Each structure stands twice: as structure tokens, then as C-alpha cells.
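Each remark here refers to the structure printed beneath this line.
The values are calculated or read from the model by the stated rules, or taken from the named source; none is laboratory data. Quick caveat: nothing in here was measured; it's all calculated off a predicted structure. Keep in mind that these areas ignore ligands, DNA and RNA; they rest on the heavy atoms of the full protein, side chains included. Shrake-Rupley method; radii C 1.70, N 1.55, O 1.52, S 1.80 Å.
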Amino acid sequence: MRKKWRAIRKSLRRVSSAIKTIFGMPDYDRYLQHWYITHASPGVFPMTEREYYIYALRERYEKGGVTRCC
């Protein structure tokens with residue numbers, strides 16, 4: 001039974017990540033996965049979830065890269 005719940009949770013995380021990607025929302029879980037694979041080193045820690053969302057919002061809106069109709 002636990003294996004089924006793990007599989008369901010894993011599937012839900014994948015769907016959530018896909019939806020966030022489609023709508024351009026920051027995905028903290030994806031960031032952590034990338035960070036641990038490419039940037040992890042002793043004594044260095046990833047951004048907190050709050051820091052990450054603030055960073056993502058600034059990257060999106062303060063650089064002038066937003067395209068919209070009006």
C-alpha cells in the first residue's frame with residue numbers, strides 16, 4: 001500500500017511541476033533538484049523557498065522580459 005501512495009505522490013509532483021512550467025511559475029522542487037546536482041558543496045546551502053520565489057519574481061519582472069498585450 002505504501003508503494004502505491006509513493007507512486008501517487010511522485011506522479012502528483014510531476015504533474016504539479018509540469019503545470020508550473022506551462023504557466024511560468026517558479027518550481028522550488030525543480031530548483032532544489034538542479035542545485036544539488038550542479039551547485040552543492042560543503043558549507044553552501046540552497047536558497048530557502050521564500051528566497052527562491054522572490055528571486056524568481058525579480059528575474060521575471062525586473063529584467064523587462066515580460067511580454068504582454070498592454
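Worth a mention:
- With respect to (1) at pLDDT below 90; (2) in a helix (DSSP H, G or I), the lone exception for HIS34 is condition (1).
Yes or no, residue by residue, for (1) open to solvent by less than 50 Å² (accessible area, probe 1.4 Å); (2) among the hydroxyl-bearing types (Ser, Thr, Tyr); (3) in a helix (DSSP H, G or I); (4) at pLDDT below 90:
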residue	(1), (2), (3), (4)
ARG14	no, no, yes, yes
ILE19	no, no, yes, yes
PRO26	yes, no, no, yes
GLY64	no, no, no, yes
CYS70	no, no, no, yes
